[in-house]
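Peer 1: Sharing a structure below in structure tokens format, with a few things to ask.
The values are calculated or read from the model by the stated rules, or taken from the named source; none is laboratory data. Given the structure is predicted, the values throughout are model-derived calculations rather than measurements. Virtual Cβ from ideal backbone geometry, glycine too; neighbours counted across all protein chains shown.
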Amino acid sequence: MTESEVKCVLVCGATGYVGGRLVPKLLAEGLHVRCLVRSPEKLLAYPWADDDRLEFIQGDLDDAETVHQAAEGVDATYYLVHSMISAGDDYAQRDRELAESFLTGLRGTTCKRIIYLGGLGELGPDLSHHLHSRREVAQILSNSEFDTTVFRAAMIIGSGSASFEILRYLVERLPIMITPKWVKTETQPIAIRDVLRYLVECLQVPETADRVIDIGGTDIFTYQELMQVMANSLGLARRIIFPIPVLTPKLSSAWISLVTPVNASIARPLAEGLRNRTVCRNDDACQLMPGPLFGIEQAIDAALGKLQTGDIETRWSTAGAMPGDPEWSGGKVFADERTRTVNASASQTFTAISRIGGRYGYWGADWLWWLRGVMDKMVGGPGLRRGRRHPQDLSYGEAVDFWRVNGFKKGSWLRLIAEMKLPGDAELEFRVDPIDDTHCRVFQTARFRPTGLLGLAYWYSVFPLHFFVFPKMINGIVRDAENANDTN
């Protein structure tokens, strides 16, 4: 099946790191793209979301009937799904279940082809749990009656990818590192732009069907050498690295979680996979889809350039299921509510609110927020280092430090749900109501529903700090909005 025969494709995993970048590439090729997503709101903020050739179907892969509905009328399906972020330690079993359910739903539809992105890794019993799970899914899909193309990649170098952020933060923050012996393992990273090119071009090449294709960049380095390349690109001195054989994946992931934005539940399977050599075992990609490839320095420089400009299309932390809304009407709910009149327009005020978190901070008492982030990291939460995708733009489903955007209406409403480790449910909500063209009223509400006695103890222990933190926050919003008004 060539691209001239492919008119419509289904993308499963469109809200993920790769999927969110693949969809606009497919649209640019003139294809009709259908996305099966749990939260369509996550995609609405993208500039391509209003394309006439784009269609959203809301549902989950474990609902075979919904998959069948989504696949009817398509020619090929991209399967870019992995449960590591959302399913915890049971992600391998969850991935098997989703793959089987996906195939059940696909049967009897017009779809003839599956394209899957998995992971590189040497064959054998020492393959990590994470890479073994990717291999299992590839086998389940390949053993089906559909023409399946399995791409296998090592570390993907791109702004916002989990592996790239781990590498960048480790190098940036640690001039001296005591590391596990896996830093001497060889890997063949690939730039995200090259991954996307292969995923799109394979539709034009019938020979890629029913084939496992390893994809990688032009360079093979050890992780230790990769760290030095990153240091050079960041303008830093060479890192001093001491590999030792006694650091376990558990200790490694705990250290990664403390130093980088990636929490321990994600860091551990990634750290375990680093012991496996991830180098291409075939050159089918270059033979079937020839074209220029980025080297490691080019890929890192391109990713860092995107970070500097804030032009990050997708980020690892946006993937996964959205947390459910707490039932605030049930049980005891504590609230801190504040309102102020602002001598600025509603648009200017909401723009000020939208800078919350990340490098901008929380309008004062940042040391308290930093301390809370450190405490959260120590108990396995995301902490503050997760940051945010863009310094000002927000959309539904995005991560902001240890919050996630759970409600968003541009210009008037923002709701953040806490993903930090808490004995209860917490949210932070902002609403802006216009008074006239140059005045508005801003409402700021923090809510907490405690779970058990521990939740009550937590609320009363931090309650005195609210008189310091929350007034600074709303006063800072007002100040920023009115200063912006003065400069216009």
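Peer 1: From the list Tyr169, Tyr198, pick out the single residue that is surrounded by fewer than 22 Cβ atoms within 10 Å (Cβ to Cβ) and of a type in the set (Ser, Thr, Tyr).
Peer 2: Result: Tyr169 is the single residue among Tyr169, Tyr198 that is surrounded by fewer than 22 Cβ atoms within 10 Å (Cβ to Cβ) and of a type in the set (Ser, Thr, Tyr).
Peer 1: Of all the residues that make up the stretch 318-357, how many are more than 30 Å from Gln58 (Cα to Cα), assigned to a loop (DSSP other than H, G, I, E, B) and either modelled with pLDDT under 90 or β-branched (Val, Ile, Thr) (or both)?
Peer 2: 3
Peer 1: Tell me whether the stretch 381-396 contains one or more residues that are small (Gly, Ala, Ser) and at pLDDT 85 or above.
Peer 2: No, the conditions are met nowhere in the stretch 381-396.
Peer 1: Now for a different question. Give the stretch 10-38 a look and list any residue that's among the aliphatic types (A, V, I, L, M) and either within 26 Å of Leu103 (Cβ to Cβ) or buried (at least 16 other Cβ atoms within 10 Å of the Cβ) (or both), or say none.
Peer 2: Leu10, Val11, Ala14, Val18, Leu22, Val23, Leu26, Leu27, Leu31, Val33, Leu36, Val37
Peer 1: Within the stretch 215-231, can one find any residue that is crowded, with 19+ Cβ neighbours inside 10 Å and within 30 Å of Val74 (Cα to Cα)?
Peer 2: yes
Peer 1: Ok, one more. Is it the case that Gly158 is within 24 Å of Arg277 (Cβ to Cβ) and small (Gly, Ala, Ser)?
Peer 2: yes
Peer 1: Looking at (1) out of contact with any Phe, Trp or Tyr (no Cβ under 9 Å at 6 or more places or on another chain); (2) part of a strand (DSSP E or B), which is the one condition that is false for Met177?
Peer 2: (1)
Peer 1: Let me ask something else about it. I'm checking my understanding of the structure. Among residues of the stretch 121-170 that are of a type in the set (Val, Ile, Thr) and modelled with pLDDT of 85 or more, which one is farthest from Asp210 (Cα to Cα)?
Peer 2: Ile157
Peer 1: So if I check each of Ala92, Ala70, which one is touching a residue at least 24 places away in the same chain (Cβ under 8 Å) and closer than 16 Å to Ile115 by Cβ?
Peer 2: After ruling out the rest, the residue left standing is Ala70.
Peer 1: Looking at Leu117, Leu103, can you tell me which residue is at pLDDT 90 or above and surrounded by fewer than 23 Cβ atoms within 10 Å (Cβ to Cβ)?
Peer 2: Criteria check complete, one pass: Leu103.
Peer 1: Identify, from the list Glu41, Glu65, Glu5, the residue that is at negative phi, out of contact with any strand residue (DSSP E or B) (no Cβ under 7 Å at 6 or more places or on another chain) and surrounded by 17 or more Cβ atoms within 10 Å (Cβ to Cβ).
Peer 2: Answer to the selection: Glu41.
Peer 1: Does Phe408 satisfy being in the same structural domain as Leu465 (by TED's automatic domain parsing), within 22 Å of the chain's Cα centre (by Cα) and among the aromatic types (Phe, Trp, Tyr)?
Peer 2: So Phe408 passes the test.
Peer 1: Would you kindly identify the strands (runs of 3 or more DSSP E) lying entirely within the stretch 27-99 that contain at least 1 residues that are hydroxyl-bearing (Ser, Thr, Tyr)?
Peer 2: Numbers: elements: 32-37, 54-58, 76-79.
By residue number, 76-79.
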